[in-house]
Structure formats: C-alpha cells, structure tokens
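Enquirer: The structure's right below; bear with me while I get my questions together.
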C-alpha cells in the first residue's frame, strides 16, 4: 500500500508519477496553523516568457487531490484537465496535446489548475517534451523527462521545472536544483491580502556561471566537478547535480568524502554530537562507536558512515529508512546530511543550532555544486540538495514561496524576472513564523520557517548604518494605513492581477517604489531637520542678494562703475574707442 508521500518519493527517485493506493494523504506539505478550507478550489498561474525565443512550451503535471489523486496533465489550452487512461504496456504516448505555448518573449500565458500534489511546471525552449505512460496497479504511471538517462527522448533538449503543491490548506512552490541546473526560473506569489513573495532564481546567464564555476573548482582540486557540465554544439546544456553525475559516471566522487567523514566520526568519540530534531523528539545526543563506524543515538538508532552517493543524494545507505525508529532516524540523518554537504559537521557539535550561511562550504571538501549554484542565484536561494531547507533559525536557502490564501502565482522562465535581492520584495510581504514541512524524506518532521527581519538597501538605508544596527536596535515596523474592508474586498482582485503582471514587476513597481521612498524620506524628517534645511536655504539667498547689492566707497555697483567708465571714454574726444577705467 502506497501513500501520497511514497509515490512522490518514487517520483523524485525514478521520474515516474503514479496515483497512490491511499489517496488524499497530503503529507508532502503541511501547515497546522492554516485553516483547512483557506484556499479556493483552483489557482491562477501566469507563465511568463522571459527568454529570447518564441518557441517555448510549458507543461503542468501532478496528482489531482480532488479526483482520488489521479495522474493529471493540463491540456494545451491551459484550462482543460487530462486524465490519461491506464495503458496495457509501458512507454505508451499520451494521447492529448499538453504542450502549452507561451508565445513571444515578454508575453504571459495564464492557466488554471485544481488542487495538485507532486506537481511540476515544466518548460522547454525550442522543442516540445515527450511524456510517456506505463501500466500501473493504481492507474497509469507518468514517465517524466530525466537527465540521468541518455536514451531519454528529451535528453538533448533545454528544459527545466519547478515544483509545487496546491491543496486545501495552502500553495507551496519552490525552484529546485536537486537534479540539475538549466533554465532560469523565478517565482512570484501574490496573496489575497496584497502581499507578495518572490524567489529570484538565476539571471539569464546563470547556467554559464554555474558551469564556469564547476570547471574552475575542478582546476583547483581535480575532483571531477567538470564532469557535471554537459554541452551541446559547444554551448552549455545543463549542469548535473552530483547524484546524477554519479549515475552517469559510477566512479565519480567515489572517495571524495572519505577523509572528512572519518574526521567527523573521530570528533564525536568523546564529545557528543547534539541534534535538534526541531520536532516532538527534541534534542538527542550521539557518540561514535568504539569501531568508529557509527554514531549511535541512545534509544533511537545509529547513523553509519555515509558514502558520497549517500551524502549527495540523502536517500540511500546511511540516510535510507531503517526498520525501527524510521521517522526519528530520518530526521536526525537529515540534519547530519545537511551539515556534511555544507561541511559544518566537524566544526559545530550542535546541529543545526547556530548554523550561519557565512560558515557554509568553507572547507576544501564540501558540496561545491551547492556552493556555486547558490552563489549564482540573485538571492542565493533554491534547493541544491534534498535537505537544503534544514536551518537553525538563520536565512532560508531553499527558495520557496507559500501562503494559505493565494490569488496568483507568476512563474517566469528565462531570467528576466530575477530582480529581487530577497524573498520579500517589499516590507508588506514579511510573514509570521509558520510550521512548514517541504520534504517527504522524514514523515514526522515539522520545521519552523523563520521570520527574517529584512532591510533592503533599495529601501534607502545606508550600508554603514545597516552594519551598525543590531537586531535589538532595529526599529519596529510602522503601522500601515488600511483602507476600509469593503474597499479592500472590491479592489483586491484588481490589485492582485496588476501586481502579478510582468509590467507591474518590471516597470510600474520601480516607479512606485521611487515615489514611495521620496515621500517616506520627506515625511520622516524631524522638525529640527526641516528647520535646519529652511535656515540653510534662507542663508543662501541672503548672502546671494547681499552679493549683488550696491557697494564700493561711493555706493556704486560694479555695473554702474563700468557704465561710468564707458561714458567717460566716449566723451574724451579722441575717437579711438578706447575704454578707460579709472578709479577714484
């Protein structure tokens, strides 16, 4: 018997999406603080073409939660559902056109989707994608494109996807690099309250930046990072995540982590490794066994030394489900795996407490694919390994947007919408802490999405002041001017539609920000500052006019002196036109 969480895990591992035997389980995304009937039955999604090509196609796939979690595709018109029949064999084509054309660069295709889980929005530039169907016990299995299979019909195409779940509680979407890097994708979520969340993704040249970084890293350590770069006709096609690189080249990174893992396991022979599960289990302590092969957590289980495949993939060997205490061990393993990828397990014995981005990837042995990919994103965010969402309360790096009352999700392909420095593109979009779980790898894990106090330099605060301002000294947010409820209800759909448009994000929004900043700067001046500026202006005008008032001994201005000299010259009768200047 498979649950929804099981089939989504199969999708991530084997690129096949199939209906679960137990439908209706939406454990892949969970938020206990949101009303179960918060969202509507459908969601509008804008697909914006920010590439330079007019031949861009999108696909929407998932499991329809309101239809027994059946395999779902959106037809090419962007509104009609397609539920494929269960074929008798494998590798059968889908019988309906599900390629959604985006149109010319700069245009948006709006689509409507129902409640979906395990959903993805796919993009392909220059070609259409091939999806196939396999026979399954609970319905058809949708065979999705794969980058680790050289015989896949989509292998040599330029394509990518983002992930999302839309259920009765919320929408949750994220950009992902867990499998590979290819097309830049950005997310902008607008809510019924008028707030906006944004994940910038890669700029237009993001893939080249990642590929160049991997090649440069390989020149330093010779570990094989350059083998993750795939090219076509001399241009970069995609950069594979290490797990898919290992799938293609079995010996890649084989001994890369050995010395670092040995050092970590030796570190915790006498010093306990403390893991904050950030769930009902609380904090647990572990010590390395006498043979130095396992770190044992009393009453829970043990984590053995992981291989490179285990560390990069996070779902095999040391981090695979165990026969007992599976949920708690997976939770512990997630935090150990995150620390290994970031190379902080050796330096921090209290995981993930106190983890800071500035300390990530500083060891020579680390997940350089993750380091380089994060650095290439305009806001540093996006899943680069399965447990990139593990945080000790610091800045989130996983690159998600989520809300219980969404009105529109804008998904941009091509890099043109990668404009935000942070996830919240204005001060209104700062959300309170919410209980979230993105990954299905540990079933009972409920993590806290931290609230981050954002101070965007584009809002006018000086960098030096920002450096000197401690969180305790930061001013409290100023109250907003709220319109009457009936006005908000009337205007909200129109405002949300405008805010979701590319025109608003790229042209109107900067102008509004400038006007807002000017007004805020002017109105925030103190009385003393206003008076001082008035005095300076008055001081300037007084001295300016004093400078042109009559002066000299006889009360003549410079101009009058000059006129007198000219008159004297003309009256001296010599006729040579010489102007004689003579002082008194």
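Bear in mind that the values in this text are calculations on the coordinates, not laboratory data. Source: prediction; values computed, not measured. So basically every Cβ, Gly included, is an ideal-geometry build from the backbone, and we count neighbours across all protein chains shown.
Enquirer: Report the dimensions of region 120-253 along its three principal axes from the alpha-carbon atoms, largest first, rounded to Å.
Expert: The principal-axis extents, from largest down, are 50, 42, 29 Å.
Enquirer: Report the full-extension gain for the segment residue 326 to residue 362: residue separation times 0.36 nm, less the Cα-Cα distance, to one decimal in nm.
Expert: Values: separation 36, 0.36 × 36 = 12.96 nm, distance 3.16 nm.
Between residue 326 and residue 362, full extension yields an extra 9.8 nm.
Enquirer: Turning to a different aspect of this structure: Place a point 7 Å from Cα of residue 232 in the direction of its Cβ. Which residues in region 137-156 have their backbone N less than 11 Å from it?
Expert: Of the residues in region 137-156, 153-156 have backbone N under 11 Å from the label point off residue 232.
Enquirer: Hey, rough spin-label estimate for residue 405 and residue 127, points 7 angstrom out along Cα→Cβ, what's it come to in nanometres?
Expert: Distance between the two pseudo-spin positions: 4.5 nm.
Enquirer: Subtract the Cα-Cα distance of residue 21 and residue 287 from 0.36 nm times their separation in residues, and report this length gain in nm to one decimal.
Expert: Working: separation 266, 0.36 × 266 = 95.76 nm, distance 3.99 nm.
Here the segment from residue 21 to residue 287 would lengthen by 91.8 nm.
Enquirer: Further, regarding this structure: Given a Förster distance of 25 angstrom, what is the FRET efficiency for residue 375 paired with residue 52, based on the Cβ-Cβ distance and rounded to 0.05?
Expert: 0.55
Enquirer: Give me the one-decimal nm value for the distance between modelled label points at residue 511 and residue 80, 7 Å along each residue's Cα-to-Cβ direction.
Expert: 4.0 nm
Enquirer: Mean separation of Cα pairs under 8 Å and 6+ residues apart, divided by the residue count of region 258-359: what relative contact order is that in percent?
Expert: Details: 145 pairs, mean separation 25.4, N = 102.
Relative contact order of region 258-359: 25 percent.
Enquirer: Between residue 304 and residue 248, what FRET efficiency comes out of the Förster formula 1/(1 + (r/R0)^6) with R0 = 30 Å and r the beta carbon distance, rounded to 0.05?
Expert: 0.70
Enquirer: Let me ask something additional. Could you give the length gained on full extension between residue 205 and residue 395, defined as 0.36 nm per residue of separation minus the Cα-Cα distance, in nm?
Expert: 65.9 nm
Enquirer: Oh, and also: Determine Rg/Rh for region 258-359; Rg is computed over alpha-carbon atoms and Rh is the Kirkwood hydrodynamic estimate from the same atoms.
Expert: Here Rg/Rh amounts to 0.92.
Enquirer: While we're looking at this one, here's another question. Suppose R0 equals 25 Å; then what is the FRET efficiency for residue 13 and residue 279 from their Cβ-Cβ distance, rounded to the nearest 0.05?
Expert: Plugging the Cβ-Cβ distance into 1/(1 + (r/R0)^6) gives 0.55.
Enquirer: Gap in Å between the Cα centre of region 305-343 and the Cα centre of region 105-158?
Expert: Each part's Cα centre sits 29 Å from the other's.
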